[in-house]
Amino acid sequence: MRTTDAQVRKLMEEMAKHGRLGLASARAGMDRKTARKYVKEGKFPSELKQERTWRTREDPFEEQWDSLAERLKEAPELEAKTLFEELCAREPGRYKPGQLRTLQRRVRQWRAQQGPEKQVFFAQEHRPGEAMQTDFTWAKELEVTVGGEPFAHLLCHPVLPYSNWEWATVCHSESMAAIKRGVQAAVFRLGKVPRYHQTDNSTSATHDLRNGKRGFNAEYLALMKHLGMEPRTIEVGKKEQNGDVEALNGALKRRLLQHLLMRGSRDFESAAAYESWVQSVLEKANRLRGAKVEEELAAMRPLSVQRLVEYSELEVVVTAWSTIRVQHNTYSVPSRLVGQRVRVRVYDDRLEVLHAGKPQLVVDRLVGRNGHRINYRHIIWSLVQKPGAFAQYRYREDLFPSIERLLKASGLSTDKTLATLEQEKLPAKVRRQLPALCEGGFVERAENVLAFGLPGRGKTHVVSAIGHELVQRGYEVLFIPAVLLVQRLLSAKKSLLLEKELRRLDGYDAVIIDDIGYIQQDREEMEVLFTFLAQRYERRSVLITSNLVFSQWDRIFKDAMTTAAAIDRVVHHALILELTGESYRSEKARSRETADKAPRKAPGDE
């Protein structure tokens, strides 16, 4: 057993008391000879331990190391894994995967002893009221929805680095309109301004990126002059120089996520309601920084100007196509404006179109370049007069979604169509019902279709064929196995996004739920399925296949009351398809068996 420092300390204490080695070693729990050694040395075991300078096993890379070291000198950024893969390719079978760690240790040692110098970061001391740092950060991980729809957005995030006071506004792109709104919201909230305003230099909102020199653009300089701040920026590719706001971006989103979990829902009535909630969270956080914020405010200059408008203006001419081109994107406008010059106010999230000072149109602003937003109301009368123009119309997809896109989004099997359905094998009643179902009238009436039958009777093929025909008529259809639907809803519920998921599914005119009888759910899974069916009741259609008759649905919904309620909602306004007869699968299996047993002609037989 290894002797510890505590044992030797006890030994020394006992020796100091009475000087009897035998008794002292017994009380310290060690052998007499071991005790004599430590008394003679007068040191603890930790002080006597010698560092090992020899290898316990042969270095598998000893022969190759000189060449590997040369490679590292030529390209210090090479990783050990890359070098190891090259060695394995050069000498197959010589090296084992577990030896990678040995090479990684040698490369790490080489970098520390012979590698290139590394960049040193210098801790910064911030002075009260000196600067405000502003950055944009995407908030996708918050999974916020507005009115049940996914809300893709950024947060414009100004920060005072000395006190960590922060503010945020919702925006859709890193635009000048967004930074004008965000910075003004922050300084008018404070009532004072610092000396400097600092940003990175990667956005055209503040910098002129066209000539490669990355100087500040004129509009941003005008904003800084108006507010009384001096603009400054970081070096290209040196985001750590904006480190305080970069770090607080993550802290901000973690804080908002925690408050969303406490709120119990990620859905908001409007973007304005969401922004107001974000700012209420930050207001509470800023109260905790009161003392340092007071120091900042004492060192800052009073804000003595009026707020600038949060938009930029430009004039454009409406084309003969009834469109305008604004910042690399195309928008339709009322056709009465064709040929007229209009003034456009460009906000971060919208455009306002005015003619002779009177508002004509408000439209959501597009993000990026070469997009288009076409409203059919602006051109419908011209299309009525020129129906032949619609076939080759450049923006046709904006007016009506293509069949290909609907089919791709449906999840329908491409081989289960009406053309591949063996209708002659269907019961006569089902054959009579099928044409009307394919027309889609039941979808317009928000009716349901229930297909019952034992396994192999063609239930899935029949409802899939109906789904394909609905898609051909422009309906949005979703085909989903019942077990996947339940998992999808349950996952959304656990993430506090059930309402959002239900609204997303509500966008489909018809949802096909396949094999509802095969799922044996617990109560939580049963509840989300019932919630889905109840929400679509008398509003949207569902098509359900099941091998269980209604009297057996208590296997799905567990208790009699819920089962009765589910059946009532599904059956009311429903058409029932009963698929009887022999199993298609059994019949095909017999056909294959018969073909296998048939005598085969020998080569050369006529």
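The values are calculated or read from the model by the stated rules, or taken from the named source; none is laboratory data. Model, not experiment: these values are computed from the prediction. Ideal geometry is used to build each Cβ from the backbone, glycine not excepted, and the neighbour counts take in all protein chains shown. Protein only, heavy atoms only, side chains kept; ligands, DNA and RNA dropped before computing areas. Shrake-Rupley method; radii C 1.70, N 1.55, O 1.52, S 1.80 Å.
Before moving on, here are some points about what is shown:
- Checklist (1) over 21 Å from Ala6 (Cβ atoms); (2) part of a helix (DSSP H, G or I); (3) among the hydrophobic types (A, V, I, L, M, F, W, C) applied to Leu78, failing item: (2)
- Neighbours by Cβ (under 8 Å, 6+ apart or cross-chain): first from the range 466-487, in contact (Cβ under 8 Å) with a residue 40 or more places away in the chain; second open to solvent by less than 50 Å² (accessible area, probe 1.4 Å) and aromatic (Phe, Trp, Tyr): Gly467/Phe479; Glu476/Tyr508; Val477/Tyr508; Leu478/Tyr508; Leu485/Phe532
- Within the range 10-23, the residues that satisfy the criterion of being buried (at least 18 other Cβ atoms within 10 Å of the Cβ) and under 19 Å from Leu48 (Cβ atoms) are Leu11, Met15.
- Of all residues in the range 420-441, those that are open to solvent by 50 Å² or more (accessible area, probe 1.4 Å) have Cβ atoms under 6 Å from Cβ atoms of residues that are among the charged types (D, E, K, R), 6 or more apart or on another chain, in Gln423/Arg431.
- Just so you know, in the range 232-270 the residues that are surrounded by fewer than 17 Cβ atoms within 10 Å (Cβ to Cβ) and hydroxyl-bearing (Ser, Thr, Tyr) include one that is modelled with the lowest pLDDT, and it is Ser270.
- Boolean, Leu434 is of a type outside the set (Lys, Arg) and over 21 Å from His468 (Cα atoms): no
- So His461, is it in contact (Cβ under 8 Å) with a residue 40 or more places away in the chain, in contact with a Cys (Cβ under 9 Å, 6 or more places away or on another chain) and not charged (D, E, K, R): no
- Some residue of the range 551-570 being modelled with pLDDT of 80 or more and either surrounded by 13 or more Cβ atoms within 10 Å (Cβ to Cβ) or assigned to a strand (DSSP E or B) (or both): no
- Taking residues in the range 506-524 that are under 17 Å from Val570 (Cβ atoms) and open to solvent by less than 20 Å² (accessible area, probe 1.4 Å), and partners anywhere that are among the basic types (Lys, Arg) and modelled with pLDDT under 75, the pairs with Cβ atoms closer than 8 Å and at least 6 places apart or on different chains are Gly517/Arg555; Gln521/Lys558.
- Residue within the range 319-337 that is surrounded by 13 or more Cβ atoms within 10 Å (Cβ to Cβ) and touching an Asp or Glu at 6+ places or on another chain (Cβ under 6 Å) present: no
- Flag for Asp208 being open to solvent by 10 Å² or more (accessible area, probe 1.4 Å), acidic (Asp, Glu), within 28 Å of Ala299 (Cβ to Cβ) and at pLDDT below 90: no
- Gln360 being on the phi > 0 side of the Ramachandran plot and open to solvent by 20 Å² or more (accessible area, probe 1.4 Å): no
- Residue in the range 95-148 that is most open to solvent (accessible area, probe 1.4 Å), counting only those that are in contact with a helix residue (DSSP H, G or I) (Cβ under 7 Å, 6 or more places away or on another chain) and modelled with pLDDT under 85: Phe121
- Test result for Glu404, at pLDDT 70 or above, open to solvent by 50 Å² or more (accessible area, probe 1.4 Å) and either touching a helix residue (DSSP H, G or I) at 6+ places or on another chain (Cβ under 6 Å) or within 20 Å of Tyr475 (Cα to Cα) (or both): yes
- Check on Val278, within 27 Å of Glu174 (Cα to Cα), surrounded by 13 or more Cβ atoms within 10 Å (Cβ to Cβ) and under 35 Å from the mean Cα position of the chain (by Cα): yes
- Candidate set from the range 281-314 (those that are open to solvent by less than 80 Å² (accessible area, probe 1.4 Å) and in contact with a Pro (Cβ under 6 Å, 6 or more places away or on another chain)); member that is nearest to Met229 (Cα to Cα): Met300
- With respect to (1) crowded, with 22+ Cβ neighbours inside 10 Å; (2) more than 30 Å from Arg503 (Cβ to Cβ); (3) aliphatic (A, V, I, L, M); (4) modelled with pLDDT of 85 or more, the lone exception for Ala168 is condition (2).
- Qualifying residue in the range 416-432 (condition: more than 21 Å from Arg503 (Cβ to Cβ), hydrophobic (A, V, I, L, M, F, W, C) and within 37 Å of the chain's Cα centre (by Cα)): no
- Answer from Gly453, Gly411 - the residue that is touching a helix residue (DSSP H, G or I) at 6+ places or on another chain (Cβ under 6 Å), open to solvent by 10 Å² or more (accessible area, probe 1.4 Å) and either small (Gly, Ala, Ser) or over 26 Å from Glu143 (Cβ atoms) (or both): Gly453
- Any hit, the range 492-500, residues being modelled with pLDDT of 90 or more and open to solvent by less than 30 Å² (accessible area, probe 1.4 Å): no
- Meets criteria (within 37 Å of the chain's Cα centre (by Cα), under 30 Å from Glu141 (Cβ atoms) and modelled with pLDDT of 85 or more) for Val528: no
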